[in-house]
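Notes follow the structure.
The values are calculated or read from the model by the stated rules, or taken from the named source; none is laboratory data. All figures in this text were calculated on a predicted structure; none of them were measured in a lab. Cβ sites come from the backbone with ideal geometry, for glycine too, and all protein chains shown count toward neighbours.
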Amino acid sequence: MITDVATFIGGYAFRHLDARSPEWLVAQMDRLGIDQAWVGHLPSILYRDPTPGTAALARALEPFRNRLCPVPTVNPDAPRWEDDLNFASLIDAPAVRVYPTWQGVESTSAVMRELVAAAAAIEMPLLFTVRLEDARQRHPRDVAPQLPAAAIRFGVRQHPDVRILVSNADRAFIEEVHFGLTPVEAARVLWDIGWVWGPPEDHLRTLIETVGLERFVFGTGMPLRIPDGAVAKLDLLDLVPEERELITAGNLRSWRRG
Amino acid sequence: MLIDVHAHFLTERSARVDWSRVNRCRLDAGERIGITGHVASILGSWGARSPTYFPSPDDVSAANESLLALMHEHAGRVYGYCVVNPNFATHALDEINRRLDQGMIGIKLAASRRADDALLDPIAARAADRGVPILHHVWQHRRRDWPGQEASDAGELAVLALRHPDTDFIMAHLGGGGDWSYSLRVVAPISNIWIDLSGSGIDMGMLEQAIDAAGPERLLWGTDLTMDTGWAKLRYLESLDLTPDEMDGVRFRNALSVFPRGALA
């Protein structure tokens, strides 16, 4: 079983994507043996009001719900964002996506504290994304800062039941957060492997040894990124099947059970 | 056969206690991926004694010497680019002659001097005389100067390539950060610039655009600092509509034609 926690549909503001449909996602999943994907809506990242984006996401995924799970965007700066959170629960979303730096929300603000509390109350995990593209290639008008590690430490500490999944973090970010939390707090955070370097620096192998295998899940970042990257990282680890299954699905199952 | 045209190794002078582990890891991962030839360079002391992209002549010579030792230790698997700093013109040309005579098969220019600077002309001419390619570090669409390097843009490499039509240039790491789409548009019409696909970037659309811009016959496969992303791009390429012959070209045959005949056994 493989669950990809970091996929999208829709267009991207700063570069053309031919591959933007659910059909394309499913075709890539079939090619790589990925069973299920959590799917966000790329355009919603920059929408002031992501509600219509979530509706479009739900409609687009409806024919594929056995494979594709919608992960709506919540903008805590939008009025009545609680409705979006409730709607996510209503459509059985496995998480909601929040992008403080793109949404212009201070990641350690009161409204973020409220969002964390509300999500924890309905047992809805929050999915944060550190970066969407390499900082060196960003469009001159794509000026939102990368998510600071402090945002994750802050979020985890706001509520004892909140669960947070972080996508596209690198080794330094993961270490800064993991070792900046108590073990109990760190156990509520998962990291996708998408942006962690493999050999020869071997950051992923190091993190598995230091942070723990149980903290990592499978995420490709498609269609912004070639999905083969996450599979290649796993293949280069030479894990036993039981360990590999933890990253591709088992850790996510355990974390969602809480 | 699979040739990595953009590999690096460390040395005991690299100020990293794990230098040997990193080298071992590259070779082990290469075995797993199926790499039959690592064409590598060592960028001076990697910052320990002089800056990575502005290496001193002493560090250049020591690095090239270390790479020769690795080539001998792993004969038939590790091949070498001679690294030089064009600001030390006499040393650079002497080093090129010496290292090519000792078995290196290409020249690596990093970011010590812009690609379109006249100081690079004798080096480019020497590469043509000796029949070896120049792998040139490029910042894909450099919008400003970045600290620690005098990085070249694809446009500056294009100027050099047009001045030296008999020299083969390899534009380094298309996936190495920056606007790859910009670089592809720049180098597409310049037939003596080959495109190295290495780098940590695995953006969707990059490989498709590279094929459209330059054709599969000008693409060279490589890894640079992240072998996982290199392998990812190779796997994704295999899912595209390339013919087996074109795929073999990217894997190794294009490299065989760029490097001196028989150099990559």
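Comparison of B:Arg49, B:Arg21, B:Arg16 shows that the only residue that is modelled with pLDDT under 95 and of a type in the set (D, E, K, R) is B:Arg16. Restricting attention to the range B:202-244, the residues being away from chain A (no Cβ under 13 Å), in contact (Cβ under 8 Å) with a residue 60 or more places away in the chain and assigned to a helix (DSSP H, G or I) number 0. For the range A:8-51, the set of residues classified as of a type in the set (S, T, N, Q) and either away from chain B (no Cβ under 11 Å) or in contact with a Lys or Arg (Cβ under 6 Å, 6 or more places away or on another chain) (or both) consists of A:Ser21, A:Gln36, A:Ser44, A:Thr51, listed by residue number. In summary, B:Ala255 fulfils each of the numbered conditions (1) within 23 Å of A:Trp197 (Cβ to Cβ); (2) in a helix (DSSP H, G or I) with the single exception of condition (1). Kindly evaluate B:Leu157 against the criterion of being within 11 Å of chain A (Cβ to nearest Cβ), surrounded by 23 or more Cβ atoms within 10 Å (Cβ to Cβ) and farther than 14 Å from B:His6 by Cβ. For B:Leu157, the condition - within 11 Å of chain A (Cβ to nearest Cβ), surrounded by 23 or more Cβ atoms within 10 Å (Cβ to Cβ) and farther than 14 Å from B:His6 by Cβ - is not met. Under the condition of being more than 15 Å from A:Trp197 (Cα to Cα) and buried (at least 24 other Cβ atoms within 10 Å of the Cβ), which residue from the range A:209-223 is farthest from the other protein chains (Cβ to nearest Cβ)? That would be A:Met222.
Go through (1) more than 14 Å from chain B (Cβ to nearest Cβ); (2) over 28 Å from A:Val111 (Cβ atoms); (3) buried (at least 19 other Cβ atoms within 10 Å of the Cβ) one by one and return the number of the condition A:Asp228 breaks. For A:Asp228, the failing item is (1).
Contact map, the range B:164-193: residues that are within 14 Å of another protein chain (Cβ to nearest Cβ) paired with residues that are among the aromatic types (Phe, Trp, Tyr) and buried (at least 19 other Cβ atoms within 10 Å of the Cβ), Cβ distance under 6 Å, separation 6+ or inter-chain. Pairs shown: B:Leu174/B:Trp180; B:Gly178/B:Trp139.
On the stretch given as the range A:9-54, residues that are over 26 Å from A:Glu243 (Cβ atoms), among the hydrophobic types (A, V, I, L, M, F, W, C), out of contact with any His (no Cβ under 7 Å at 6 or more places or on another chain) and not in a loop (DSSP other than H, G, I, E, B) total 8.
Of all residues in the range B:111-127, at least one satisfies being within 14 Å of chain A (Cβ to nearest Cβ) and part of a loop (DSSP other than H, G, I, E, B).
Is it the case that some residue within the range A:240-258 is in a loop (DSSP other than H, G, I, E, B), within 30 Å of B:Met206 (Cα to Cα) and either within 14 Å of chain B (Cβ to nearest Cβ) or modelled with pLDDT under 95 (or both)? No, the range A:240-258 contains no residue that is in a loop (DSSP other than H, G, I, E, B), within 30 Å of B:Met206 (Cα to Cα) and either within 14 Å of chain B (Cβ to nearest Cβ) or modelled with pLDDT under 95 (or both).
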